[in-house]
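The values are calculated or read from the model by the stated rules, or taken from the named source; none is laboratory data. Here the structure is a predicted model, which means the values were calculated and not measured. Ideal geometry is used to build each Cβ from the backbone, glycine not excepted, and the neighbour counts take in all protein chains shown. Quick note on the areas: whole protein, heavy atoms, side chains included, nothing else; ligands and nucleic acids left out. Shrake-Rupley method; radii C 1.70, N 1.55, O 1.52, S 1.80 Å.
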Amino acid sequence: MKTFKLGGVHPEENKISAGKAIEVLPLPEKVYIPVSQSLGAPSTVVVEKGAAIRVGQLIAKGESFISSNVHSSVSGKVTKIDDVIDASGYKRKAVFIDVEGDEWEEGIDRTRDIIREVTMDRDEIIKRINEKGVVGLGGATFPSHVKLMVPDGRKAEYLLINGVECEPYLTSDHRLMLERGEEMLIGVRILMKALGVDKAFIGIENNKPDAIRYLSGLSAGFKGIEIIPLKVKYPQGGEKQLIKAVVNREVPSGKLPIEVGCVVNNVGTALAVYEAVQKNKPLVDRIVTVTGKTVAKPCNLLVRIGTPVGLLIEHAGGLPENAGKVISGGPMMGKALTSLDAPVVKGTSGILIMDGVEAKRTAQQNCIRCGRCITVCPMGLEPYLLAQLSEHQLYERAEKEKIMDCIECGSCHFTCPAGRPLLDYLRLGKNKTGIIIRNRVKR
Amino acid sequence: MSLLTVSGSPHVHTQQSVKSIMYGVVIAMIPAIFVSVYFFGLHAARVMLISVLACLFFEWVIQKYLIKGPVTINDGSALVTGILLAFNVPSNLPAWIIVTGALVSIGIGKMSFGGLGKNPFNPALVGRVFLLISFPVQMTSWPLPKPLFGPGVTDAITGPTTLGIFKEGLDAGKTVQEIMASPSFPGYINDLMGAQSGSMGEISAIALLLGAVYMFSRKIITWHIPVSYIGTAVVFSGILWLIDPAHYIDPVMHLLAGGMILGVFFMATDMVSSPVSTKGQLVFGAGAGLLTILIRVWGAYPEGVSFAILIMNAFTPLINSAFKPKRFGEVVKNG
C-alpha cells in the first residue's frame, strides 16, 4: 500500500458520521457571507445595503491575479456590510443578507441531470472556474483557476485528486465520493482538459474501502483516471505528502507542486468545477460534516455558504451540555471557534464538537529531548528545536533550520509526551520569520 | 452553557506522557530487580530502597526549598535514576555512600542544570562515576552471587567481576583460554543468567534483555542506539579477537560480562542525554561502543560502559547540530 515515507502519526480515526448520507440543511433566515474566502488579495464588494439579491449573484469580485469571486448563496435583501468574526477568530468584512424565498439567477442548471460531455476548451474552462468563484475546498482555499494556469517553463504531467480525508472525524469528502462520484469524476476530466494532462490519480485512504471500490468501478469509464488506495497515515492528505505517496516525487523546499509536474486538487473542488463548468453554478454551497463523540446526531450536510455554524449544530441535535470546544475543521488542523455565529465558508469541511475533558490541553513539562517530534515530522524538521528558536526569537536561525517548510499538520504537538505546544511556537516563528523574509525581498 | 475553550490545533493528543515513559522504564527494570535480589539477597533490596528513597528525597528537597518551584517527584524520573544508581553499585555498599551517590546524581547530575530534560549527562551515571572515583575500594568489592534458598558462600565473601578476572589475568601474562579454564571463572551461561559478581543490575543479560523487549514493544526506546552500540562493540572486539584470540576477549563474552547490556538499553538510550535524530543516535551508539571496548582493552579500569556513555553524552549537543534529519524536499532526485 502506497504512502509517504517521512514521519506521520495515526490518531484515532473516529469517523462517526461515515455512514450518514448527505442531507440538505434547510435554508437559514440570515447569512453572513465573508467577501474574502480565498487565499490572496481581498475581493471588492459589488452590492450595496438594501439591494435585493438572488442566489448565485456576484457580491464580491476578485480583481487581483490571486483572488476569487464570491456569490450570494441565498436570495433576499442585503441588510448591511459589516464585520463578522469568522472561524479564524478575526473580524472579516461580510455581506449580511436576510433570506427571502429561494430565487436563483437565470441560466443556472439546478437539476441533478448529469452532463457528461465536456464542450468547453481550456481557456473557457479556466475563465468559467474563475467566474464562478471556485477555490480549493480541501481547506487552503487557493483560487482554483490560478492552479490551472501553469507558469511558463513548467509543464503539468499529472493531476492528483485528494480524496484522502486524513483528518480524524471528517467524512464530507467520503460521502461526496460515494454520492456524487460520477459528477466528481467529470470534474476531474474537466481539470485534466484544462491542464492538458492525460493522467489523473485519485488518492483515497484505505479506511474508505467503499469509496475506493465505487470510484474504481466508475473510473473504468474515464480514460486516464486511476484510483490509488493509500495507507491510513496522517498527514497523508498534505499536498506534498500525497505527491510523494502517489508518484514518488518530492516537491523541493519552498516550491509548488508544479515544480515536479503535479497539480493537486481536492475531490470537493472537482465537484465544484463540474458544477461551475457543466451546470453554470457558482460555488454557493458545500458539504460539511457535523460530528463529535457527544453529538446526538452526527451528520453530513449540504450547507449554503454564510450559514451560521450554530444552525448546523442545532440540526445535529444541539450543542451537548458538556461541550468544551467547537472546532471548524478536523481535530488536527481545525480552528477552535470563538463564536457559534461564525459563518460556514468555502473552506469549512466540518464542525467538530469536543466535550470539556477532551477540550483541555495536557499540562506542559520540560522537553525531554526524546526526539519523537522529529520522528513524526512529515517534513523532516526538528520541531523541538524550532520551538526553542522561536521562543527565544532566533528567527534567522529558525529560517536556516527550514521553519518555513512546516506544513502545520500538528503531528509534533500531537505526539509530544511532555505536552509541549510545539505548533503554537512554530506558527509564531513562521509568522515572524515570514515577515523578515518579505522585508528582505522588498529591500 | 459553559464557556468554550479556544486553543490552537491540534486538538487531540497521544496517550503517551513523560510519566508513562518513565514508569514504563521502571516496569522494564523489574526482571533485573528480581535477579539482583535472587543473587544478592536482602542486601540488594536494601541498596535499591536507600537509593530510590534518597533520590526522591533530594529531588523533593531541592525543588521545594532551593528552587521553590513545583515538585515533580511523581513523574517517575527520580525513581528511574534511583533504581539505575542501585543497579550500578555493589550490593554491600554502605548506606552513607549510596546516599552520597544519590545526592550527586540528583543534585549535581540533574537539578543543577534545571531538572528533568535539561541535564546533559545521565544522572545515575554521574553519581556512579563520582562514587567510583571517590570510593574505589568500596565500589569495587563485589560480593559473590549466592542464590536465594540455595547453597553457596556466605554473604561476606567478595570476588572480582568477570571483566576484573580477565584484566587481572591478562595483566599477569595469562592467555584468555587459561583464564576461562580456571574454576572460579563464571562462564557464558552464568554470565547470561546472572550468576556472576558485579554491580547489582548488570549481572543478568537475560533479565535486562527481557526488559528491553518490553521497552521496544511499548515504543519507549528505538533500535538505533542499541543496534549501533552493540554492533560497533561486537565488530571492534571481534576484529581484535580474530587477530589474537589468546589476548583479546571474544565479542560474546564482552556482551555478557560487565555492564554492556544494562548500559546499552537502559542508560545510553536515556532520551535526555542522547541525540534527538536517528542519524545522531546511530553515531552516538557507535561512539559509545567504540569507547567501551577501548577502555576495557587498554584502559585502567576493567569496565568502560559508564565512562563511554558519559563521554558520548558530552558530544550529544555537537552530534545534534552535525547530524540533522533528512529534510523533505532537500535532496531532490525525482524519477
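What does the C-alpha gyration tensor say about the overall shape of chain B? Classify as rounded when a/c is under 1.5, otherwise prolate if a/b is larger than b/c, or oblate.
Note, shape of chain B comes out oblate.
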query = Between B:I189 and A:A41, how many nm apart are label points set 7 Å from Cα along the C-beta direction?
reply = 8.6
task = Summarise the partner chain shielding of B:260-271 as one whole number: the mean count of Cβ atoms from other chains within 10 Å of each residue's Cβ.
result = 1
message = Going by Cα centres, the range A:178-248 and the range B:95-154 are how many Å apart?
response = 60
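Out of the GluC sites (Glu not before Pro) in the range A:14-96, which ones are loop residues according to DSSP with at most 15 other C-beta atoms within 10 Å?
When the GluC sites (Glu not before Pro) of the range A:14-96 are filtered for loop state and at most 15 Cβ neighbours within 10 Å, A:E29, A:E48, A:E63 remain.
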query = What is the average number of partner chain Cβ atoms found within 10 Å of a Cβ in A:356-368?
reply = 5
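Peptides A:247-256, A:90-99: what's the order by average Cβ count within 10 Å, highest mean first?
The densest-packed peptide leads the list: A:90-99, A:247-256.
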remark   = With label points set 7 Å from each Cα along the Cα-to-Cβ direction at A:K61 and A:K297, the distance between them in nm comes to 4.3
message = Please compute the modelled spin-label separation between A:L428 and B:L49, points set 7 Å along Cα→Cβ, answer in nm with one decimal.
response = 4.8
message = Between the range B:224-247 and the range B:166-188, how far is it from one alpha carbon centroid to the other, in angstrom?
response = 19
Residue-span extension gain [A:D113 to A:E314] - 0.36 nm each, minus C-alpha spacing = 69.2 nm
inquiry  = For a 23 Å ceiling on Cα separation, which of these pairs sit above it: A:K155/A:K430; A:K147/A:K199; A:K15/A:K360; A:K199/A:K244; A:K360/A:K400?
reply    = A:K155/A:K430; A:K360/A:K400
task = Would you calculate, for the protein assembly as shown, the mean residue ellipticity at 222 nm contributed by helices, counting each DSSP H stretch of 4 or more residues as -39,500 (n - 2.57) and dividing by all residues, to the nearest 500?
result = -12000 deg cm²/dmol
task = Compute the relative contact order of chain B as a whole-number percentage, counting only Cα pairs closer than 8 Å that sit 6 or more residues apart in sequence.
result = 17
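Looking at the protein assembly as shown, what % of the alpha carbon pairs are farther apart than 36 Å?
That fraction is 53 percent.
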task = Pull the list of the protein assembly as shown cysteines that no other Cys approaches to under 4.7 Å, Cβ to Cβ.
result = A:C166, A:C262, A:C299, A:C367, A:C370, A:C377, A:C406, A:C409, A:C416, B:C55
task = Over the protein assembly as shown, give the accessible area per residue in Å² for a 1.4 Å probe, as an integer.
result = 41
key: Given A:K293/A:K335; A:K193/A:K279; A:K80/A:K325; A:K61/A:K346; A:K93/A:K293, the pairs whose alpha carbons are separated by over 24 Å   = A:K80/A:K325; A:K93/A:K293
query = What are the lysines whose alpha-carbon lies under 17 Å from the alpha-carbon of B:K279, with same-chain residues fewer than 8 places away excluded?
reply = A:K5, B:K324, B:K326
task = Name the aspartates and glutamates eligible as straight-distance cross-link partners of B:K167: C-alpha to C-alpha under 20 Å, and not fewer than 8 places from it in the same chain.
result = B:E178, B:D191, B:E202, B:D244, B:D250, B:E303
request  = Determine the share of the range A:137-282's accessible area contributed by carbon and sulfur atoms, expressed in whole percent, with a 1.4 angstrom probe.
outcome  = 50
note = Proximal lysine pairs in the range B:17-158, meaning Cα under 19 Å and 8 or more positions apart or interchain, come to 7
inquiry  = Residues of the range B:103-123 with the amide nitrogen closer than 18 Å to a label point 7 Å from the Cα of A:R397, along Cα-to-Cβ, please.
reply    = B:118-120
key: Global size of chain A as Cα Rg and Dmax, reported in angstrom   = 21.3, 63
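Buried accessible area for the B:A pair, summed, 1.4 Å probe, in Å² rounded to 100? Don't skip to the end; give the middle numbers.
Values: alone 16210 and 19610 Å², together 31540 Å².
By this definition, chains B and A bury close to 4300 Å².
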note = Averaged over the residues of A:3-9, the number of partner chain Cβ atoms within 10 Å of each residue's own Cβ comes to 2
key: Separation between Cα centres of the range B:274-335 and the range A:1-35, rounded to whole Å   = 44
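At most 14 other Cβ atoms within 10 Å and a DSSP loop assignment: could you name the trypsin sites (Lys or Arg not before Pro) in the range B:57-143 that fit?
B:K68
What do the square roots of 5 times the Cα gyration tensor eigenvalues come to for the range A:28-99, in whole Å, largest first, as semi-axes of the equivalent ellipsoid?
Semi-axes, largest first: 19, 14, 10 Å.
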query = By how many nm would the segment from B:K118 to B:S141 grow when fully extended, if each residue of separation counts as 0.36 nm and the alpha-carbon distance is taken off?
reply = 4.9 nm
task = Subtracting the Cα-Cα distance from 0.36 nm times the residue separation, let me have the gained length for B:Q177 to B:F34 in nm, one decimal.
result = 48.3 nm
Mean Cβ count within 10 Å, highest first, over the residues of peptides A:305-314, B:266-275 = B:266-275, A:305-314
task = Round to the nearest 0.05 the FRET efficiency obtained for B:A314 and B:W60 when R0 = 45 Å and r is the Cβ-Cβ distance.
result = 0.95
query = Applying 1/(1 + (r/R0)^6) with R0 = 51 Å to the Cβ-Cβ distance of B:D244 and B:Q15, what FRET efficiency is obtained, to the nearest 0.05?
reply = 0.45
